[in-house]
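Just below is one structure, and these are the notes that go with it.
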Amino acid sequence: MTSIALKQRTREMWHKLSHLDARPDEIAAGFSIGICASFLPLNPSPIIVATVVAWLLKRNVVAAVAGATAAILYIPLLPLIWLAEYRLGKLLLPVQHPLVLDQARLWNVLQKGWDVYAGMFVGSIIIATPVTLLTYLVVKRLAERWARQKKIRPMPASGPAIANGSDANRVLPRQERLHSRARG
């Protein structure tokens with residue numbers, strides 16, 4: 001994927017998030033759930049995990065999928081992230097099997113033993129927690145800005161719809177009221 005296509009997809013994702021009909025905290029929580037799920041060594045897809053967790057917690061599922069999809073930005077770093085998760089987990093759990101950087105596929109990790117996977121899982125929670133909290137704060141601020149911009153948007157050029165003549169007295173200036181009475 002070229003950098004231009006990646007930039008375009010990122011813009012599209014932010015554009016879709018900015019137009020979601022949800023509260024800023026729901027959007028931020030959903031997106032953060034997706035980011036957190038992408039750190040967990042749960043393949044084949046963090047999107048499935050993010051969707052289920054967001055649905056169970058009654059958060060914005062679309063934002064969760066967007067967050068899990070944003071993980072594509074750090075796929076080149078995945079072997080380093082998994083190694084860091086393993087090493088952090090190894091500090092807390094008794095892991096007997098060594099893990100090296102060139103074996104970054106989850107299937108190879110599982111063949112080493114469940115202790116390696118458990119160490120990675122614990123390490124992933126340790127790494128994902130601050131990243132998730134930071135993501136929540138940043139996305140919440142962005143979503144609050146989007147919400148303010150939605151409120152400020154001007155009315156369409158045609159003006160507000162008027163249901164009957166009594167509404168016209170409250171909304172329209174005097175000259176336009178006289179003109180509308182003459183027509184109707």
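The values are calculated or read from the model by the stated rules, or taken from the named source; none is laboratory data. This one's a predicted model, so the numbers in the text were calculated from it and none came from an experiment. Neighbour counts run over all protein chains shown; Cβ positions are idealised from the backbone, glycine included.
Candidates in region 14-55 are the residues that are in contact with a helix residue (DSSP H, G or I) (Cβ under 8 Å, 6 or more places away or on another chain), of a type outside the set (S, T, N, Q) and under 22 Å from Val116 (Cα atoms); of these, the one that is modelled with the lowest pLDDT is Leu42. Contact map, region 108-132: residues that are closer than 17 Å to Leu80 by Cα and hydroxyl-bearing (Ser, Thr, Tyr) paired with residues that are part of a helix (DSSP H, G or I) and modelled with pLDDT of 80 or more, Cβ distance under 7 Å, separation 6+ or inter-chain. Pairs shown: Ser124/Phe39; Ser124/Glu85.
The C-beta contact set for region 52-63 (first residue among the charged types (D, E, K, R), second residue assigned to a helix (DSSP H, G or I), distance under 6 angstrom, 6+ apart or interchain) comprises Arg59/Glu26; Arg59/Ala29; Arg59/Gly30.
When you check Arg153 against the structure, is it loosely packed, with under 12 Cβ neighbours inside 10 Å and either modelled with pLDDT under 85 or among the acidic types (Asp, Glu) (or both), yes or no? Give the steps one after another, and end with the answer.
Numbers: loosely packed, with under 12 Cβ neighbours inside 10 Å: yes; either modelled with pLDDT under 85 or among the acidic types (Asp, Glu) (or both): yes.
Yes: the conditions hold for Arg153.
Within region 107-142, being at pLDDT below 80 and under 17 Å from Leu93 (Cβ atoms) holds for Val109, Leu110, Lys112, Gly113, Trp114, Asp115, Val116, Tyr117.
For (1) surrounded by fewer than 18 Cβ atoms within 10 Å (Cβ to Cβ); (2) under 11 Å from the mean Cα position of the chain (by Cα); (3) of a type outside the set (A, V, I, L, M, F, W, C); (4) farther than 16 Å from Leu133 by Cα, each residue gets a yes or a no:
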{"residue": "Trp14", "(1), (2), (3), (4)": "yes, yes, no, yes"}
{"residue": "Arg23", "(1), (2), (3), (4)": "yes, no, yes, yes"}
{"residue": "Ile33", "(1), (2), (3), (4)": "no, yes, no, no"}
{"residue": "Leu42", "(1), (2), (3), (4)": "yes, no, no, yes"}
{"residue": "Ala54", "(1), (2), (3), (4)": "no, yes, no, no"}
{"residue": "Arg59", "(1), (2), (3), (4)": "no, yes, yes, no"}
{"residue": "Ala63", "(1), (2), (3), (4)": "no, yes, no, no"}
{"residue": "Ala68", "(1), (2), (3), (4)": "no, yes, no, no"}
{"residue": "Leu80", "(1), (2), (3), (4)": "yes, no, no, yes"}
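Condition check ((1) within 26 Å of Glu85 (Cβ to Cβ); (2) out of contact with any strand residue (DSSP E or B) (no Cβ under 6 Å at 6 or more places or on another chain); (3) not in a loop (DSSP other than H, G, I, E, B)) across all residues:
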position	(1), (2), (3)
Ala22	no, yes, no
Asp25	no, yes, yes
Pro41	yes, yes, no
Ile47	yes, yes, yes
Trp55	yes, yes, yes
Arg59	yes, yes, no
Val62	no, yes, yes
